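The next block holds one structure in the form of structure tokens; read it before the comments.
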Amino acid sequence: MAEEKSCLSLDTKLLSEAIIELNISRHNVSVYPENHPILKRSLNQAFSIFQKLFELRDEVMLAVAKDVIVVDGSTLDKKNPVFRDFASCLGKKNIAAVTFYRGMTEVEMFYFHQFLQKDIGNVSSECIQEVFDSQKLKHIKVSLIDYSVFTLSEKDTEAMEGPSLCELYVHGLLEGRLSAEDTSSMVQKISPRELAVFFNGLAPEEIAEENYTSVITTYVRKTSERRFSGAEMKKIMKFINNLRPELKQQFLSSTINTLSGEGDSLREALCDMGADEVVELLKLINEQMVKIPEALKNVLQKFSQLNNSAYEAVSYGNGIIEDDILFAPEITGLLNNTDFKSFVSDSYQDEIQRLLQQDVKDSNTQWLRAISLETAPEFIERAYSDTVISILRSEITGSIEAEDTEFLLQALKEQAAHFAGTGQYGQILKILDVMGSVSEDLKIQASVEMSDEYFYSPEFLNILISSFRFFGRTSREEVRLICERYGDNMIKPLMDVLADETSQTIRRFILSLITGFGEGAAHEALEKVRDERWFIKRNMLFILFECGNTDQLKKAFSHCSHENPKVAIEAVRCLLKAKDQRGISELRKQMRSSDREVCMKAITVAGTFQVREVVPDLIHMLRKKALTGDEYEDKIPAVRALGLIGDPGAIDELMSILGEKTFFYRASLDKLKSEVRTIMKNHFQERATVQGKRRDWASRWNIR
Amino acid sequence: MEYPVKTETENKAEDISGFITALVIAISNYSLYSKEHESFGEFAGRCFSALQTIMQEKVEIMIFENELIVNRVPVRNGGLHINNLIARMRKKGVLRVEILQGVSHHEMTSFIMDMAQTGQKLKGYPNIMSGSVDFLVSSAPPEGYESNSVPAFVEEGVEKVRSAFGSGSVFRQVDIKGLEDVVMGFISVFRREASILKYLSPVKSFSEYTYTHATNVSLLSVLQAESLGIGQEFLYEIGLAALLHDAGKLFVPKEILEKQGKLESHEFEEIKKHPLYGARYLAKITSLPHIVPVIAFEHHIKYDGTGYPSPGRNDKKQHVYSQIVAIADFFDALRSRRPYRESMEIEEIFVLMKKCSGTDFNPFLIDNFINLIHSSLNK
């Protein structure tokens, strides 16, 4: 009896009802809690129909092909939205077939639906099977798609049916997987006609430029060690003659270029050929209007030993007979340069020239190039993004369902990440703009907030900021606008990136972005300055210097005595900017440092900040007797600093340098003197005149 | 119900997503900038490192239906980058790529550059194998399609478009599969026939206009695209987009669409919303190429940026595919008989087209279109 049942065909109407009810109960599982009456009723309804089906059969198997359900080898109505919905749901779980067995309970159905509700994302079939098995559903079994059965096929469908030797070779060659040496012997077996037939069947775009040469090279077994023969030349000729016209020219051109470099070999090959065959080759070259390389021309000339002067056309009157055709004297005259102008006037020639310049083809090419540019996926993605933005901005926004908006926002989120990775900041700005504008619509506020969350998430900010490294410097304005839009949210991530950045150029760029945030950046810098790493401290102090207010700047004091001079000097700069007296004493300390580098930096800073209080220290430095050339040159920064400070009290000291003499370190002293002259000219000349001090020193020391 | 495999699987999935993301961004960066650009080297490097993390004996990337399967695991949570890679592979005529363990950084970089080139097939690499499947050519002709009955097929196309759109219900999802068949049919028509005018389907009744018009516009768009040398891989997208360019009309009340007399201004305002409705509707259908909603949105925007919806919406011009469809749309609309006017003669339409060339339409495309129709008439 059971056997009989299992053979009965299913009632289509009943089966349809079963799937519809099954799908309804599936949706209800996602909406209602386990014991909800609506869910119970729905499960019961589906269960009852299945019981009826089990009266006909012991098992009901639904196979799934994408969004189509197949039962007993027949496809159920492809257009039925319920079938498609159910099939798609199974398909998304990698399910190829599901079988319901007699004995299935409502509880099992419920668990099966729960299994279907889960978002499994990227999980292999094995994992899904494991999860499914753990449910211990005795009466429901699934067969999952076994992706391991798919293998790579490198041939097209036709080739797979019965590839010929020729097809195998040419495909390999076209794909570049065969090397000429390996395949030469195989290729030699292919008749020229067969090879030509194969190529005639290919579309031009399937044959790359380099393929022409590689086919010829392989076909004649041309290697650096081996010379080719006349027989191989003949084979090539046969092959070319059997090709379709446009291929003929390409292959002939490749043949000529390939062989022309082999002068001796070519001459020998031509000697092997009969005169008719050589003439045929030349005829082919003429027909196809293939340009002959100089080398080949020489070989052919030598080979043919043609004496141009020996050529005599048969004359008939003033005309010439060639191949039984009479060329009238006007025509033969036309060919004579001196008579050319009597047939073609200057103005006509001008017109021809202008026509040639106005190359229609060229203007078409420009259009076509522009069109081809727009076919690039990047271009289309931008257009898509603009379209989605336009929809969200449009007058119909109010009527868009929240679900639709969510979808569109999700699309923009994904695109934004891609645009960030590819430095398309203009697109990102548009997306950020639309987020701002649509958020006013209360109906979709939740969706917008959700997207905002993403755009302000560390994940997205990281993508964005790390892309600044590559594209930021070339799109400064757009990057600045993005930073402006994000405001202070951007500071911390930028500082994190700055900390790890190894390239000085990129560090400078990031610093320029951070300092654009003003006091907000200074605030964050004060937090980060506590970092133990000296370079972080230095960068933070730099930011503080650029953006901090007086109070913030004064907080740099604790770093003035940092062991690293770069940090210490940066801290002093902050204090000096804040006009904090502690800065001057710290600066003085550094000027007295035994570390030359620290001292020099401090002097420079003294000049930059025009710290008058340190003028006596600088003068003291100048007075110190120089014992070496370096010691003379070390005075240069002090001279510069005095110049920048512009204290007239330093003039006499500077002038005394101009009077100094040395026997051993003249070059160094001259450098120092030259610096003094410059300083005097740029910073003291006017003041000195006012003070009546111009006296004789200007003329005496050649200062104009 | 928890998935016990989550941690390990999730990690694996993340690694795969990371690889795909780096691969697609590297491809895009090469396409947008150059091999020398710092970003290309960086992302090619990231891609190569990510490849090592997912490398077993080999890495298998396969398109199965519309899903990307990497190492036998469907990658579903990859969003844009997954779709982007699928689209790129399809355009290269590749359904499967296998990257072997011995692959070098240089090889991978060359492969990325190769993937970025449009209109060229993938080259061969010692450690990267790709399956070449020419989708358009290998596709079997649609059911019931006989090679000698092209006009009959076009008529069938109208039927398919009608059925794909459903019976005017806006709640029904467009049947993309049916439309694919229609476009494939057109493309195969062009392979054998040059005179295309005879295949344009006449409108037999007012209610049939939307479907017939969609079919004709698709046919004329694919014809233009092919004549411009646009690669075969793009013809399908253009044809499909052209078929769906007026999908937004499903959302415009039938009374307005089929009104016999002149439209009131508020009715015209409603009509003008159809590009927006269409784009919104089509953008949600993930299986459609992204150009489809773009064309639905832009087909009434003019070459000079005016037109509707909202000129100046973005500082961007109409995409060239939209320009192609706009010309086909204009031609077929005027050529067809409508409730409120008779059809126009071809030469009359050409006069109008030339008048609007440079303002409403791309002048180069107009010249090309007129030449195409003329040469079709002469055959």
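The values are calculated or read from the model by the stated rules, or taken from the named source; none is laboratory data. Please read all numbers here as calculations on a predicted model, not as lab measurements. Here Cβ is always computed from backbone atoms with ideal geometry, including for glycine, and neighbour counts include all displayed protein chains.
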Exercise. Can you name the residue in the stretch B:322-356 that is closer than 29 Å to A:THR375 by Cα and surrounded by fewer than 19 Cβ atoms within 10 Å (Cβ to Cβ) and, of all such residues, is farthest from the other protein chains (Cβ to nearest Cβ)?
Worked result: B:LEU334
Exercise. Taking the condition of a type in the set (S, T, N, Q) and either under 21 Å from A:ILE603 (Cα atoms) or under 59 Å from the mean Cα position of the chain (by Cα) (or both), does A:THR662 pass?
Worked result: no
Problem set entry | Filter result (polar (S, T, N, Q) and either over 27 Å from A:LEU408 (Cα atoms) or touching a Leu at 6+ places or on another chain (Cβ under 6 Å) (or both)) within the stretch B:73-110 | B:GLN101, B:SER104, B:THR109, B:SER110
For this session: Could you grab me the full set of residues in the stretch B:33-65 that are over 25 Å from A:ASP146 (Cβ atoms) and either in contact with a Leu (Cβ under 6 Å, 6 or more places away or on another chain) or not assigned by TED's automatic domain parsing to the domain that holds B:VAL94 (or both)?
Result: B:CYS47
Exercise. Failed condition for B:ASN66, given (1) touching a strand residue (DSSP E or B) at 6+ places or on another chain (Cβ under 7 Å); (2) within 9 Å of chain A (Cβ to nearest Cβ), with all others met?
Worked result: (1)
Exercise. Is the stretch B:312-321 home to any residue that is acidic (Asp, Glu), under 30 Å from A:ILE431 (Cα atoms), facing another protein chain (nearest Cβ under 10 Å) and not in a loop (DSSP other than H, G, I, E, B)?
Worked result: no
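Yes or no, residue by residue, for (1) at pLDDT 85 or above; (2) closer than 30 Å to A:GLN135 by Cα; (3) outside any loop (DSSP other than H, G, I, E, B); (4) more than 8 Å from every other protein chain (Cβ to nearest Cβ):
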site	(1), (2), (3), (4)
B:PRO4	no, yes, no, no
B:THR9	no, yes, yes, no
B:VAL24	yes, no, yes, no
B:CYS47	yes, no, yes, yes
B:VAL59	yes, no, yes, yes
B:ASN77	no, yes, no, no
B:MET89	yes, no, yes, yes
For this session: Could you tell me whether any residue of the stretch B:249-269 is within 16 Å of B:LYS91 (Cα to Cα), charged (D, E, K, R) and at pLDDT below 90?
Result: no
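Residue-by-condition table, conditions (1) at pLDDT 65 or above; (2) in contact with a Lys or Arg (Cβ under 9 Å, 6 or more places away or on another chain):
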{"site": "A:PHE199", "(1), (2)": "yes, yes"}
{"site": "A:THR218", "(1), (2)": "yes, no"}
{"site": "A:ARG226", "(1), (2)": "no, no"}
{"site": "A:LEU247", "(1), (2)": "yes, no"}
{"site": "A:THR255", "(1), (2)": "yes, no"}
{"site": "A:GLN288", "(1), (2)": "no, yes"}
{"site": "A:GLN301", "(1), (2)": "no, no"}
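Being outside the structural domain of B:ASN66 (by TED's automatic domain parsing), small (Gly, Ala, Ser), outside any loop (DSSP other than H, G, I, E, B) and closer than 17 Å to A:SER385 by Cβ is the requirement here; does B:ALA328 meet it?
Values: outside the structural domain of B:ASN66 (by TED's automatic domain parsing): yes; small (Gly, Ala, Ser): yes; outside any loop (DSSP other than H, G, I, E, B): yes; closer than 17 Å to A:SER385 by Cβ: no.
No; evaluated as a whole, the condition is false for this residue.
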Problem set entry | Search result, residues across the stretch A:579-634 that are small (Gly, Ala, Ser) and under 26 Å from A:LYS555 (Cβ atoms) | A:GLY583, A:SER585, A:SER593, A:ALA602, A:ALA606, A:GLY607
For this session: Go through (1) in contact with a Leu (Cβ under 8 Å, 6 or more places away or on another chain); (2) more than 13 Å from every other protein chain (Cβ to nearest Cβ); (3) surrounded by fewer than 18 Cβ atoms within 10 Å (Cβ to Cβ); (4) within 28 Å of B:ILE82 (Cα to Cα) one by one and return the number of the condition A:GLN129 breaks.
Result: (2)
Seminar exercise, completed: If we ask which residues in the stretch A:53-70 are more than 15 Å from A:HIS139 (Cα to Cα), out of contact with any strand residue (DSSP E or B) (no Cβ under 6 Å at 6 or more places or on another chain) and in contact (Cβ under 8 Å) with a residue 40 or more places away in the chain, their number turns out to be 2
Exercise. Among the listed residues A:MET591, A:MET621, A:MET600, which satisfies the condition of being modelled with pLDDT of 85 or more and touching an Asp or Glu at 6+ places or on another chain (Cβ under 6 Å)?
Worked result: A:MET591
Problem set entry | The one condition in (1) part of a loop (DSSP other than H, G, I, E, B); (2) more than 10 Å from chain A (Cβ to nearest Cβ); (3) within 27 Å of B:LYS354 (Cα to Cα); (4) in contact with a Phe, Trp or Tyr (Cβ under 9 Å, 6 or more places away or on another chain) that B:ASP304 fails to fulfil | (4)
Exercise. In the stretch A:468-475, is there at least one residue being over 12 Å from A:ILE543 (Cβ atoms) and outside any helix (DSSP H, G or I)?
Worked result: no
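For the stretch B:297-307, check the following and say yes or no: at least one residue is under 23 Å from A:ILE431 (Cα atoms) and at pLDDT below 90. Spell out how you get there, then give the answer.
Kept after step one, since they are under 23 Å from A:ILE431 (Cα atoms), are these residues of the stretch B:297-307: B:297-299, B:301, B:305-306.
Remaining after also requiring at pLDDT below 90: B:305-306.
Checked against the condition, which is being under 23 Å from A:ILE431 (Cα atoms) and at pLDDT below 90, the stretch B:297-307 yields at least one hit.
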Seminar exercise, completed: Residue count, the stretch A:33-67, condition within 14 Å of chain B (Cβ to nearest Cβ) and either among the basic types (Lys, Arg) or part of a helix (DSSP H, G or I) (or both), comes to 1
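Conditions (1) among the hydrophobic types (A, V, I, L, M, F, W, C); (2) farther than 22 Å from A:ARG369 by Cα; (3) in contact with a Cys (Cβ under 9 Å, 6 or more places away or on another chain), marked per residue:
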| position | (1), (2), (3) |
| --- | --- |
| B:ILE230 | yes, no, no |
| B:GLU233 | no, no, no |
| B:ASP246 | no, yes, no |
| B:ILE271 | yes, yes, no |
| B:GLY278 | no, yes, no |
| B:SER287 | no, yes, no |
| B:ILE295 | yes, no, no |
| B:ILE301 | yes, yes, no |
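Could we say that B:GLY41 is assigned to a loop (DSSP other than H, G, I, E, B), among the small types (Gly, Ala, Ser) and facing chain A (nearest Cβ under 10 Å) here?
In short, no.
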For this session: Determine which single condition A:ARG485 fails, assuming it passes every other condition in (1) farther than 30 Å from A:ASP452 by Cβ; (2) assigned to a helix (DSSP H, G or I); (3) among the basic types (Lys, Arg).
Result: (1)
